[in-house]
Amino acid sequence: MTDRAPTLCVYCASRVGDDPAFAAAAVQVGLELSVRKVDLVFGGGSIGLMGIVADAASEGGRRVIGVMTERLKSKEIGHEGITDLRTVPDMPARKKMMYEEADAFLTLPGGIGTMEEFFEVLTWGYLGLHPKPMGLLNVSGYYDSLLAFFNNAIERGLLSPEVKDHLVIGDDVNAVLDAVLAGIDPNAADLNGTDLSSTGDT
């Protein structure tokens, strides 16, 4: 990191879901980024939880970087009202750019796209490919089943318990943000040149 503001990459849905708490959490995250002087990186859409968190951060004066593919730009309605909307050729390029622009990550409720992003960065962290902190915001128990999956995989010997050390898990926006942002190391080596395509058993 340089003298620029820290950046948080938020993974979340391009839909609002069936619980008003999801949207409320997205608004609160965006507002807290403004209060904490943290900039936002996200998937670039103007709809769903993505649009809500971006609007809240942008209205609070934060720099907002959105990244999306040309194909998704019309489907997710690229957010033209943010600081910097970038278009990339494909999903691997999208995820790579979001990773490179982020100092930390926070996952809000989402579907399979959100989960793909979440698990990829979590796997990279577990394998020691990056030191960036990650948070999982369990709004209204949305991720209870995911946490049960982790516990089951650990109990059955298919997952190391240490993988959970790479996650800040909670249902309180302020508490999760406190822990995630505190985990940013301004002196961490730049690992962006690491081959993040590496995989391994976790």
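The table for this structure:
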{"item": "The chain - percent relative contact order, Cα under 8 Å, separation 6 or more", "result": "21 percent"}
{"item": "Gained length - Leu146 relative to Val163, 0.36 nm times residue gap less alpha-carbon distance", "result": "4.8 nm"}
{"item": "Charge dipole (debye, nearest 20) of the chain; +1 at Cβ of Lys and Arg, -1 at Cβ of Asp and Glu", "result": "380 debye"}
{"item": "Neighbour-count order for Leu49, Leu181, Leu136, fewest beta carbons within 10 angstrom listed first", "result": "Leu181, Leu136, Leu49"}
{"item": "Where Cα atoms sit under 24 Å apart: lysine pairs in the chain separated by 8 or more or lying on different chains", "result": "12"}
{"item": "Neighbour cut-off at most 14 other Cβ (10 Å), DSSP loop, GluC sites (Glu not before Pro), segment 66-118", "result": "Glu80"}
{"item": "Identified option (computed Rg and Dmax of the Cα atoms in Å; candidates (i) 15.9, 47; (ii) 18.7, 63; (iii) 18.7, 57)", "result": "(i)"}
{"item": "Charge dipole of the chain about the Cα centre (unit charges at C-beta), most positive-ward option of Pro161, Phe149, Val139", "result": "Val139"}
{"item": "Two-site label geometry, Asp185 and Ile47: point separation in nm, points 7 Å out along Cα→Cβ", "result": "4.1 nm"}
{"item": "Helix-derived mean residue ellipticity, 222 nm - over the chain, DSSP H n ≥ 4, -39500 (n - 2.57), to 500", "result": "-12500 deg cm²/dmol"}
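We did not get these values from a lab; they are worked out from the coordinates using the rules stated. No experiment lies behind these values; they were computed from the predicted model shown. When we count neighbours, we look across all protein chains shown, and the Cβ atoms used for this are built from the backbone with ideal geometry, even at glycine.
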